[in-house]
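Written out below as structure tokens is the structure these notes cover.
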Amino acid sequence: MTAQPMTAEVRRLTAGTSAIAIGGDVTSAGEGQLLDAYARASADGATVIVLDFGRLDYMNSGGIGLLVTLLVRARREGLRLMAVGLDDHYRQILALTRLDESIEIHATEAEALAAAGADA
């Protein structure tokens, strides 16, 4: 299996909400790219960042470590992290690592936006 380079594209969803579309292979090699995307999303005034895993090919333990790093930064900055587009395998991994207790998981971007708006 050939490794697919990680991609992390930032887009604004609503005032106060940005998304990072994550694709390819999420490993520790993508740290700089993912942290840069997070910085751009939070600098745009977002209080909620939706991590869209709809184009994810693979994530290893280094990738899980990156999610922990994002979570620590988000908590320190008072931001909420949400995830969408996770298949059953990666939902289970987030449950096993208990990341699902801190990163809100939603089936769709619309559901995540509704949840974000409910607390706004």
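The values are calculated or read from the model by the stated rules, or taken from the named source; none is laboratory data. Note that the structure is a prediction, hence the values are computed from the model and not measured. FYI the Cβ positions are ideal-geometry reconstructions off the backbone, even for glycines, and counts take in every protein chain you see.
Values computed for the structure shown
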quantity	calculated
Count of residues meeting criterion [more than 13 Å from the chain's Cα centre (by Cα) and either assigned to a loop (DSSP other than H, G, I, E, B) or closer than 19 Å to GLU109 by Cβ (or both)] in segment 7-39	6
Matching entry among ASP119, ASP88 (being at pLDDT 95 or above and either farther than 13 Å from ALA19 by Cβ or under 12 Å from the mean Cα position of the chain (by Cα) (or both))	ASP88
Which listed residue, of LEU94, LEU81, is assigned to a helix (DSSP H, G or I), under 12 Å from the mean Cα position of the chain (by Cα) and not hydroxyl-bearing (Ser, Thr, Tyr)	LEU94
Number of the condition not met by GLY63 [criteria: (1) in a strand (DSSP E or B); (2) closer than 15 Å to GLN33 by Cβ]	(1)
Positions within segment 53-84 being among the charged types (D, E, K, R) and surrounded by fewer than 19 Cβ atoms within 10 Å (Cβ to Cβ), in sequence order	ARG55, ASP57, ARG73, ARG75, ARG76, GLU77
Residue match in segment 101-108 (condition: among the β-branched types (Val, Ile, Thr) and exposed (fewer than 15 other Cβ atoms within 10 Å of the Cβ))	yes
Flag for ASP36 being at pLDDT below 95 and in contact with a strand residue (DSSP E or B) (Cβ under 8 Å, 6 or more places away or on another chain)	no
Answer residue from segment 4-43, given it is of a type outside the set (Ser, Thr, Tyr) and in contact (Cβ under 8 Å) with a residue 40 or more places away in the chain and is farthest from GLY54 (Cα to Cα) among those	GLY16
Segment 1-52 - residue that is acidic (Asp, Glu) and surrounded by 18 or more Cβ atoms within 10 Å (Cβ to Cβ) and, of those, farthest from LEU79 (Cα to Cα)	ASP25
Sole exception among (1) without any contact (Cβ under 8 Å) to a residue 60 or more places away in the chain; (2) in a strand (DSSP E or B) for VAL50, by number	(1)
